[in-house]
Amino acid sequence: MSNGIHRHTSNKQCSSPNKVSLEEKSKSLYSKMIPFDLQPIWLKDNEFLQTNYRPINNSYWKCIKTMFLLHTETFNIWTHLLGCVFVCLLTLSALYIHTFKLSDVKIQLSSLPTIDKAMFSLFAISAASCLLGSTTFHIFTCHSESTAKFLNKIDYLGTTVCIIGSSLPLIYYGFFCHPWLIFIYCTVFLVGGGLCCYISFSDTFRRRDYRKVRPTMFILLGLTGIIPICHIISMRGFTEVFDRYALHWLCMMAFCYIFGAFIYSMRIPERFFPGKFDIFAHSHQIFHMFVIFGIISHYECLTSTVSYYSNHQSICQANVF
Ligand SMILES: [Zn+2]
């Protein structure tokens, strides 16, 4: 693939050695998109996106330049890059500058104890890492096979880290007065996450026929969170838990991740209109947007939870929970 690109460039230069303008050079190097069929086999993933793939270029700098061109990965890159910036700004603002809450719950994170800040930061850092890993993967998939494979594993690793980093704070607050339960559930999540990391780093996992297995594994890890939530509800009742943990935001988060993964694995809408969503609004971009919505929903859930505990410092002594 790479040889093909270079051959194409050198032919052009031979026919008019000194008259190739900078613009033409740029077009031949960076703007020459290729159809699905001309992609190397290891990069073929979604046959319903038929055109506008970037050619392999073996250059990190050229890959970065393609961020500003229109192709199948353009909005995959920008959705998660801008999402990462948004999460970072939102968190820094909440922790160090002033109250920043999307819903009506008031919270002043900057005045909370270190452990609360740490829990909030754990969630934010894991979410930002996930988005950054994904952005990096999508920028550099056109570099080479080895780079794309490695960054693909980093992308899956980021997803696992995001699920773990989102779950641990909720377990901490969910079993606030029960350290042993915190320890047990955290251990279960860390072991499950470690298993996902191991599977993510296996080459088999990247194969096309594993397209449905990939989101399923992450959904299963995420759904493991239902067990501690049911446990908390059995201890305190649905209404109390619903109010205390903003369960509606947690349900919204679960919906976003599951629905996004469903769209991704089913390749909707491009499967119904092959070639019509090659650049904009294909399943991968929709999945990315739902990941952002899921992270924002989780942010809302966590701030509500932290807010409750910041106003009930002596909750364990009072045996309220
Ligand atoms: Zn992606």
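The values are calculated or read from the model by the stated rules, or taken from the named source; none is laboratory data. No experiment lies behind these values; they were computed from the predicted model shown. Counting neighbours? That spans all protein chains shown, and the Cβs are built from the backbone with ideal geometry, glycine included. Ligands, DNA and RNA are stripped out before the accessible areas are found, and what is left, the full protein with its side chains, is counted by its heavy atoms. Shrake-Rupley method; radii C 1.70, N 1.55, O 1.52, S 1.80 Å.
When the accessible area of segment 232-283 is split by element with a 1.4 Å probe, what percent falls to carbon and sulfur? Percent of accessible area from carbon and sulfur atoms in segment 232-283: 75. Here the calculated FRET efficiency for SER59 and ASP203, from their Cβ-Cβ distance with R0 = 35 Å, stands at 0.90, rounded to the nearest 0.05. Using a probe of 1.4 angstrom and keeping all protein chains present, the accessible surface of segment 160-299 works out to 48 square angstrom per residue.
Phi-derived couplings, Karplus 6.51 cos²θ - 1.76 cosθ + 1.60 at θ = phi - 60°, listed residue by residue for segment 226-239: 5, 4, x, 5, 4, 4, 5, 4, 5, 7, 10, x, 5, 4 Hz, with x used for Gly and Pro. For HIS71, no residue whose modelled amide H falls within less than 5 Å of its own remains once neighbours fewer than 5 places apart on the same chain are excluded. In the complete set of protein chains, residue-level accessible area for THR51 is approximately 60 Å², probe 1.4 angstrom. Label sites at THR216 and LEU69, each approximated as a point 7 angstrom past Cα along Cα to Cβ, lie 3.7 nm apart.
Were the residues from LEU38 through LEU89 laid out at 0.36 nm apart, the gain over their Cα-Cα distance would be 14.3 nm. Between VAL188 and ILE226, the modelled label-to-label distance comes to 1.3 nm, taking each label 7 Å out from Cα in the direction of the beta carbon.
Couplings for segment 128-145, taken from phi via the Karplus curve 6.51 cos²θ - 1.76 cosθ + 1.60 with θ = phi - 60°, read 5, 4, 4, 5, 5, x, 5, 4, 4, 4, 5, 5, 9, 5, 8, 6, 6, 4 Hz in order; Gly and Pro are left as x. Classify segment 158-285 as rounded, prolate or oblate, taking a ≥ b ≥ c as the square roots of the eigenvalues of its Cα gyration tensor: rounded when a/c is under 1.5, otherwise prolate if a/b is larger than b/c and oblate if not. Oblate, since a/c reaches 1.5 and b/c is not below a/b. Most tightly packed first, judged by the mean number of other beta-carbon atoms within 10 Å of their residues, the peptides 177-185, 255-263 read 255-263, 177-185. Ranked by the mean number of other Cβ atoms within 10 Å per residue, highest first, peptides 294-303, 53-62 order as 294-303, 53-62. In segment 31-318, Rg over Rh equals 1.01, where Rg is the alpha-carbon radius of gyration and Rh the Kirkwood radius from pairwise Cα distances.
Close amide-amide hydrogen proximity is noted between CYS142 and no other residue 5 or more places distant or on a separate chain, at a cut-off under 5 Å (H modeled in the peptide plane; Pro and chain starts excluded). Highest average first, the peptides 129-139, 278-288 ordered by how many other beta carbon atoms sit within 10 Å of their residues are 129-139, 278-288.
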